[in-house]
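Visitor: Shown below is the structure under consideration.
The values are calculated or read from the model by the stated rules, or taken from the named source; none is laboratory data. Keep in mind that this is a model prediction, so the values were computed, not measured. Glycine gets a Cβ as well: all are built from the backbone with ideal geometry, and neighbour counts include every protein chain shown. Quick note on the areas: whole protein, heavy atoms, side chains included, nothing else; ligands and nucleic acids left out. Shrake-Rupley method; radii C 1.70, N 1.55, O 1.52, S 1.80 Å.
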Amino acid sequence: DNYARFTGYITAIDYSHDRIQVTAAAPIEELTRIDVDNVFSAMTATERVTSIVNAAGASVSVEGTAPQVMCAEDDKDPTDSYRLIESVARDTESVFYCDRAGVTHFEAESARRTPATVTLPPAATYSNDLRMNTELGYIRNRVTVTYQPETRTTGKTTVEDGDSVAQYGVRDYRRSSRLQQETDASALAASITSRTANPHWMMGDVTVDLS
């Protein structure tokens with residue numbers, strides 16, 4: 001039960017005299033081959049994902065509520081349903097993924113699961129050097145997000161972390177969205193800024209002796 005079960009399908013097999021290479025895809029890949037018309041009225045992100053899933057005839061578990069309002073779309077050229085759902089997830093800080101059981105999820109921020117934590121016993125010792133690093137290039141302390149109001153013009157909103165700017169200088173980041181309301185765009189910009197205005201220490205792989 002501790003092993004992942006393969007729930008996708010094989011897409012290619014390449015053979016040579018010394019090896020066989022198998023290319024496989026997860027069940028979520030099917031959505032990249034199901035096109036739907038990108039024609040929608042303005043609606044909440046949860047409603048948009050549900051509409052895309054219904055149009056695709058796909059099986060996606062929509063969890064939680066994403067109340068952000070997505071702008072109306074009238075692009076009649078078919079677009080693959082994976083790209084449409086992934087775009088909504090990106091604009092609302094939701095998660096779109098396939099789990100080990102092969103179930104595809106759209107998980108709104110309100111339903112985000114708390115990552116599992118592990119506490120090592122006092123007797124545990126590192127058996128190799130502990131190494132950590134931080135990357136100043138990932139700092140983003142002035143974030144601008146564009147949005148699409150009903151007037152069909154493009155609006156933009158900017159959030160800045162003054163303390164980070166004073167310490168590291170201006171680190172601009174700009175991104176577009178299909179959000180309709182300025183309040184939602186501002187919330188997205190604020191969320192990005194809160195995560196990226198200051199550097200974070202990261203630890204790679206480490207070996208622990210539990211004996």
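Visitor: For segment 74-95, which positions are open to solvent by less than 30 Å² (accessible area, probe 1.4 Å) and over 15 Å from the mean Cα position of the chain (by Cα)? Lay out the reasoning, then the answer.
Guide: Here is the first cut: in segment 74-95, the ones open to solvent by less than 30 Å² (accessible area, probe 1.4 Å) are 79-81, 84-85, 88-89, 91-92, 94.
Hits for segment 74-95 are T79, D80, S81.
Visitor: Follow-up. What do you reckon, is T119 polar (S, T, N, Q), without any contact (Cβ under 8 Å) to a residue 40 or more places away in the chain, surrounded by fewer than 12 Cβ atoms within 10 Å (Cβ to Cβ) and over 30 Å from P27 (Cα atoms)?
Guide: Values: polar (S, T, N, Q): yes; without any contact (Cβ under 8 Å) to a residue 40 or more places away in the chain: yes; surrounded by fewer than 12 Cβ atoms within 10 Å (Cβ to Cβ): yes; over 30 Å from P27 (Cα atoms): yes.
Yes; evaluated as a whole, the condition is true for this residue.
Visitor: Here's a follow-up. From the list V49, V60, pick out the single residue that is modelled with pLDDT of 90 or more, within 30 Å of T151 (Cβ to Cβ) and of a type in the set (V, I, T).
Guide: Working: V60 fails: within 30 Å of T151 (Cβ to Cβ).
One residue alone meets the criteria, V49.
Visitor: Let me ask something additional. Condition first: at pLDDT 75 or above and in contact with a strand residue (DSSP E or B) (Cβ under 9 Å, 6 or more places away or on another chain). Now tell me which residues in segment 113-138 satisfy that.
Guide: Answer for segment 113-138, where residues must be at pLDDT 75 or above and in contact with a strand residue (DSSP E or B) (Cβ under 9 Å, 6 or more places away or on another chain): R131, M132, N133, T134, E135.
Visitor: On to the next question. For the structure I just gave you, tell me whether A45 is more than 19 Å from the chain's Cα centre (by Cα) and either small (G, A, S) or surrounded by 12 or more Cβ atoms within 10 Å (Cβ to Cβ) (or both). I'd like the intermediate steps shown before the answer.
Guide: On the way: more than 19 Å from the chain's Cα centre (by Cα): no; either small (G, A, S) or surrounded by 12 or more Cβ atoms within 10 Å (Cβ to Cβ) (or both): yes.
It is false that A45 is more than 19 Å from the chain's Cα centre (by Cα) and either small (G, A, S) or surrounded by 12 or more Cβ atoms within 10 Å (Cβ to Cβ) (or both).
Visitor: To continue, here is another question. From the set of residues in segment 96-111 that are charged (D, E, K, R) and over 18 Å from A190 (Cα atoms), which is most open to solvent (accessible area, probe 1.4 Å)?
Guide: Residues of segment 96-111 charged (D, E, K, R): 99-100, 107, 109.
Subset that is over 18 Å from A190 (Cα atoms): 99-100, 107.
Working: D99: 48, R100: 169, E107: 9 Å².
So the residue we want is R100.
Visitor: Somewhere in segment 149-167, is a residue touching a helix residue (DSSP H, G or I) at 6+ places or on another chain (Cβ under 7 Å) and among the aliphatic types (A, V, I, L, M)?
Guide: yes
Visitor: Sticking with this one: Which condition breaks for A58 when tested against (1) small (G, A, S); (2) more than 22 Å from T11 (Cα to Cα); (3) open to solvent by 20 Å² or more (accessible area, probe 1.4 Å)?
Guide: So A58 meets the others, but not (2).
Visitor: Separate question: Going through segment 19-60 one residue at a time, which ones are closer than 19 Å to Y97 by Cα and assigned to a loop (DSSP other than H, G, I, E, B)?
Guide: Passing the criteria: A26, I34, G57, A58, S59, V60.
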